[in-house]
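Student: Before I ask anything, here is the structure I am working with.
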């Protein structure tokens, strides 16, 4: 247990070896995580909870932490050594509850850098519990922490609520000495990036640079690694397999196997984008089209997370976000949603009120495309350059602003004001960042690959059974009249319920023009979340709010698609 | 002179003397380290009535305008 953003998850990760996401902003952990470790040769359960400042919960996340407290036999109180006074508030409250505990004096290295010297022995004596200096992110002190766990005890210090701060003051005076150091570069940067003028300017630079870096790395990996790999190694293999299975001309079981594995041949050859076989499109889209962008995106996001820039960004955009009924910090779940909608929705738990969470969730589902979608959209629209990207992402952005403003007025409830602790800037610890990046990529493959392969199978099935043809006929008026798309595009809408990247991929063989691609991309991004995100939304919002959100999604997406269609036709595109 | 955090000029320092709002908010501010007797330095206020950022105990804390309006500080002179 400990304040937000003190390194609890890093300590947890070191103790249990479990893979958890660790970032430099308060609110990284929103629900609890369990793992196991061996203490004195006996297996023990370890629970990581969200941060809390006191044992009287002031937010939903803090409630989770306080609820979990009685479940523990021993508490590891993670304390930020650079902020001893504030952190001891929770420590003293825990001591009053007479819980057996051990204090991990974390971020020890950072304290040293800032000239903060803490007399550990004196602190241990004052509190009556073992105190271990640690740096969880690099692993220092962790062995000692583990060794001293069996020595956890309830402590000797007790005081009434009213006297707590005086007691803390006395302890801090006795054990802490702060050497005056000149403000570091990090501290200067800290003040500059929340300056009312420098701040927004810097933010725009950071966001533009992030976008460019993601694009550059994504395209680079695709162009220099993924595509050549698929063209030179995989394609010949697939071609041989295709011939062995009768090249699509054989009937019966062999032909079926060919259709399932290789898909339909285009102009007598295999097209990775359009053939829709499990081994062709089913592997190409996740690995060659999307994974490079997943890597690029999470690399950049990881740097933004770990340096501690995100809370400052939240402060900068808070004034604008409030007009949309949102809290400044909801920029974090939205950024996460750009990677994958599921962790984005989960992170919404850091918001306080139902109104905020409803607006944020709906806006995320409609206006924030996941990296999988973005990657395939980039693949399809890349040839048109800005003329393709601007209408798609510009429309989504305008929807975000417009819908947010509308919802703020119409949804009952309040959006509380921001009150946020801003962590100091830290250099990312590259091994931890690398581990986080790896975890996220593996999760993308593990969660996504199965859905994609199933999706490809379903697409094939739907085509073969003529379901798509029927659906096309039924939806023709909406598709052609309203959206200006060929009726077959309804297939993409159907598959979009399962996987968004496959859905956009299905537009490839239809030979659509710029306007049609733009309209289709916008509608696909906005109309409905993929099944994984849908289930998550249902869980977080509850059935009634989910129903409302779904209605909004459908209406907004088709309306905007239609309007966009008309607008672009009018502009001669 | 006693004034609110909102009125405090950027760069100016003051000592917290009270909070004019509800008990819940007072508890949150307390938890963040903004207690009576604490010295705070105002760092900035964002445009468009955006949040106010202060420095307390070496840490930055950001709060909405409405909250800043209710935090009372005493300045020297």
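The values are calculated or read from the model by the stated rules, or taken from the named source; none is laboratory data. Quantities reported herein were computed from a predicted structural model and do not represent experimental measurements. Counting neighbours? That spans all protein chains shown, and the Cβs are built from the backbone with ideal geometry, glycine included.
Student: Against the definition (in a helix (DSSP H, G or I), at pLDDT 90 or above, buried (at least 18 other Cβ atoms within 10 Å of the Cβ) and in the same structural domain as residue A:344 (by TED's automatic domain parsing)), how does residue A:564 come out, yes or no? Please lay out each step first, then the result.
Tutor: On the way: in a helix (DSSP H, G or I): yes; at pLDDT 90 or above: yes; buried (at least 18 other Cβ atoms within 10 Å of the Cβ): yes; in the same structural domain as residue A:344 (by TED's automatic domain parsing): yes.
Considered against the rule, which asks whether it is in a helix (DSSP H, G or I), at pLDDT 90 or above, buried (at least 18 other Cβ atoms within 10 Å of the Cβ) and in the same structural domain as residue A:344 (by TED's automatic domain parsing), residue A:564 comes out as yes.
Student: Hey, another quick one. Go through segment A:32-50 and report how many residues are part of a loop (DSSP other than H, G, I, E, B) and out of contact with any strand residue (DSSP E or B) (no Cβ under 6 Å at 6 or more places or on another chain).
Tutor: Going through segment A:32-50 one residue at a time, the tally reaches 4.
Student: Between a residue in segment A:187-213 that is within 12 Å of chain B (Cβ to nearest Cβ) and any residue that is in a loop (DSSP other than H, G, I, E, B), which pairs come within a Cβ distance under 7 Å, given they are 6 or more apart or on different chains?
Tutor: A:189/A:425; A:190/A:424; A:190/A:425; A:196/B:46; A:196/B:47; A:199/A:193
Student: Oh, and also: Can you pull out the helices (runs of 4 or more DSSP H) entirely within segment A:307-422 that have at least 1 residues that are over 26 Å from residue A:291 (Cα atoms), within 13 Å of chain B (Cβ to nearest Cβ) and touching a residue at least 24 places away in the same chain (Cβ under 8 Å)?
Tutor: Ranges flagged: A:309-323.
Student: Residues of segment A:470-489 being assigned to a helix (DSSP H, G or I) and buried (at least 22 other Cβ atoms within 10 Å of the Cβ), which ones?
Tutor: Keep residues of segment A:470-489 that are assigned to a helix (DSSP H, G or I), which gives A:470-482, A:487-489.
Answer for segment A:470-489, where residues must be assigned to a helix (DSSP H, G or I) and buried (at least 22 other Cβ atoms within 10 Å of the Cβ): A:479, A:489.
Student: Is segment B:34-47 home to any residue that is touching a helix residue (DSSP H, G or I) at 6+ places or on another chain (Cβ under 7 Å), buried (at least 18 other Cβ atoms within 10 Å of the Cβ) and modelled with pLDDT of 90 or more?
Tutor: yes
Student: From B:49, B:45, B:68, B:31, which residue is in contact with a strand residue (DSSP E or B) (Cβ under 6 Å, 6 or more places away or on another chain) and within 7 Å of chain A (Cβ to nearest Cβ)? Outline the logic, then answer.
Tutor: Values: B:49 fails: in contact with a strand residue (DSSP E or B) (Cβ under 6 Å, 6 or more places away or on another chain); B:68 fails: within 7 Å of chain A (Cβ to nearest Cβ); B:31 fails: in contact with a strand residue (DSSP E or B) (Cβ under 6 Å, 6 or more places away or on another chain).
Matching residue, one of B:49, B:45, B:68, B:31: B:45.
Student: Residue B:59 versus (1) more than 8 Å from chain A (Cβ to nearest Cβ); (2) in contact with a helix residue (DSSP H, G or I) (Cβ under 7 Å, 6 or more places away or on another chain); (3) without any contact (Cβ under 8 Å) to a residue 40 or more places away in the chain: which is the lone unmet condition?
Tutor: (1)
Student: OK, next. Scanning for something over 30 Å from residue A:7 (Cβ atoms), modelled with pLDDT under 90 and surrounded by fewer than 21 Cβ atoms within 10 Å (Cβ to Cβ), does segment A:335-354 turn up at least one residue?
Tutor: The initial filter retains those residues of segment A:335-354 that are over 30 Å from residue A:7 (Cβ atoms), namely A:354.
Still in the running and modelled with pLDDT under 90: A:354.
After this cut, where a residue has to be surrounded by fewer than 21 Cβ atoms within 10 Å (Cβ to Cβ) as well, the list is A:354.
Yes; the residues of segment A:335-354 include at least one that is over 30 Å from residue A:7 (Cβ atoms), modelled with pLDDT under 90 and surrounded by fewer than 21 Cβ atoms within 10 Å (Cβ to Cβ).
Student: Still on this structure, I have one more. Residue by residue through segment A:34-46, note down the ones that are in contact (Cβ under 8 Å) with a residue 24 or more places away in the chain and surrounded by 17 or more Cβ atoms within 10 Å (Cβ to Cβ).
Tutor: A:37, A:46 - these are the residues of segment A:34-46 that are in contact (Cβ under 8 Å) with a residue 24 or more places away in the chain and surrounded by 17 or more Cβ atoms within 10 Å (Cβ to Cβ).
Student: What about residue A:495, is it more than 30 Å from residue B:61 (Cβ to Cβ) and surrounded by 22 or more Cβ atoms within 10 Å (Cβ to Cβ)? Quick ask: steps written out before the conclusion?
Tutor: Working: more than 30 Å from residue B:61 (Cβ to Cβ): yes; surrounded by 22 or more Cβ atoms within 10 Å (Cβ to Cβ): yes.
Yes: the conditions hold for residue A:495.
Student: Looking at (1) closer than 19 Å to residue A:421 by Cα; (2) over 9 Å from the mean Cα position of the chain (by Cα); (3) facing chain A (nearest Cβ under 8 Å), can you tell me which one residue B:26 breaks?
Tutor: Failing condition for residue B:26: (3).
Student: Regarding segment A:122-145, can at least one residue be identified that is within 12 Å of chain B (Cβ to nearest Cβ) and within 38 Å of the chain's Cα centre (by Cα)?
Tutor: Looking only at segment A:122-145, we keep the residues that are within 12 Å of chain B (Cβ to nearest Cβ), and these are none.
For segment A:122-145, residues within 12 Å of chain B (Cβ to nearest Cβ) and within 38 Å of the chain's Cα centre (by Cα): absent.
Student: For segment B:1-14, enumerate the residues that are within 9 Å of the chain's Cα centre (by Cα) and either assigned to a strand (DSSP E or B) or within 17 Å of residue A:418 (Cβ to Cβ) (or both).
Tutor: Residues of segment B:1-14 within 9 Å of the chain's Cα centre (by Cα): B:4-6, B:8, B:14.
Residues satisfying the conditions are B:4, B:5, B:6, B:14.
Student: Still on this structure, please answer the following. Does residue A:70 satisfy the criteria of being over 28 Å from residue A:306 (Cα atoms) and in a helix (DSSP H, G or I)? Lay out the reasoning, then the answer.
Tutor: On the way: over 28 Å from residue A:306 (Cα atoms): yes; in a helix (DSSP H, G or I): yes.
It is true that residue A:70 is over 28 Å from residue A:306 (Cα atoms) and in a helix (DSSP H, G or I).
Student: Still on this structure, please answer the following. Quickly run through segment A:101-124 and pick out the residues that are closer than 16 Å to residue A:156 by Cβ and loosely packed, with under 15 Cβ neighbours inside 10 Å.
Tutor: Step one: of segment A:101-124, the residues closer than 16 Å to residue A:156 by Cβ are A:101-103, A:121-124.
Those that are closer than 16 Å to residue A:156 by Cβ and loosely packed, with under 15 Cβ neighbours inside 10 Å: A:121, A:122.
Residue-by-condition table, conditions (1) in contact with a strand residue (DSSP E or B) (Cβ under 8 Å, 6 or more places away or on another chain); (2) not assigned by TED's automatic domain parsing to the domain that holds residue A:294:
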{"position": "A:138", "(1), (2)": "no, yes"}
{"position": "A:144", "(1), (2)": "yes, yes"}
{"position": "A:150", "(1), (2)": "yes, yes"}
{"position": "A:172", "(1), (2)": "no, yes"}
{"position": "A:187", "(1), (2)": "no, yes"}
{"position": "A:191", "(1), (2)": "yes, yes"}
{"position": "A:202", "(1), (2)": "no, no"}
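Student: Here's a check for you: in segment A:162-182, which residue that is loosely packed, with under 10 Cβ neighbours inside 10 Å and under 40 Å from the mean Cα position of the chain (by Cα) is modelled with the highest pLDDT?
Tutor: This residue is A:179.
Student: Assigned to a helix (DSSP H, G or I) and in contact (Cβ under 8 Å) with a residue 24 or more places away in the chain - does that describe any residue in segment A:16-31?
Tutor: Within segment A:16-31, the first condition is being assigned to a helix (DSSP H, G or I), and the residues that meet it are A:16.
Within this subset, residues satisfying the condition of being in contact (Cβ under 8 Å) with a residue 24 or more places away in the chain are A:16.
So far as segment A:16-31 goes, yes, one or more of its residues are assigned to a helix (DSSP H, G or I) and in contact (Cβ under 8 Å) with a residue 24 or more places away in the chain.
Student: Against the condition away from chain B (no Cβ under 14 Å), at pLDDT 90 or above, buried (at least 24 other Cβ atoms within 10 Å of the Cβ) and touching a helix residue (DSSP H, G or I) at 6+ places or on another chain (Cβ under 7 Å), how does residue A:302 come out, does it pass? So that I can check it myself, show each step before the final result.
Tutor: Working: away from chain B (no Cβ under 14 Å): yes; at pLDDT 90 or above: yes; buried (at least 24 other Cβ atoms within 10 Å of the Cβ): no; touching a helix residue (DSSP H, G or I) at 6+ places or on another chain (Cβ under 7 Å): yes.
The answer is no for residue A:302.
Student: Quick check, is residue A:58 within 14 Å of chain B (Cβ to nearest Cβ) and touching a residue at least 12 places away in the same chain (Cβ under 8 Å)? Before you say what the answer is, go through the steps one by one.
Tutor: Numbers: within 14 Å of chain B (Cβ to nearest Cβ): yes; touching a residue at least 12 places away in the same chain (Cβ under 8 Å): no.
No: the conditions fail for residue A:58.
Student: Please enumerate the residues belonging to segment A:220-244 that are without any contact (Cβ under 8 Å) to a residue 24 or more places away in the chain and buried (at least 17 other Cβ atoms within 10 Å of the Cβ).
Tutor: None - no residue of segment A:220-244 is without any contact (Cβ under 8 Å) to a residue 24 or more places away in the chain and buried (at least 17 other Cβ atoms within 10 Å of the Cβ), so the list stays empty.
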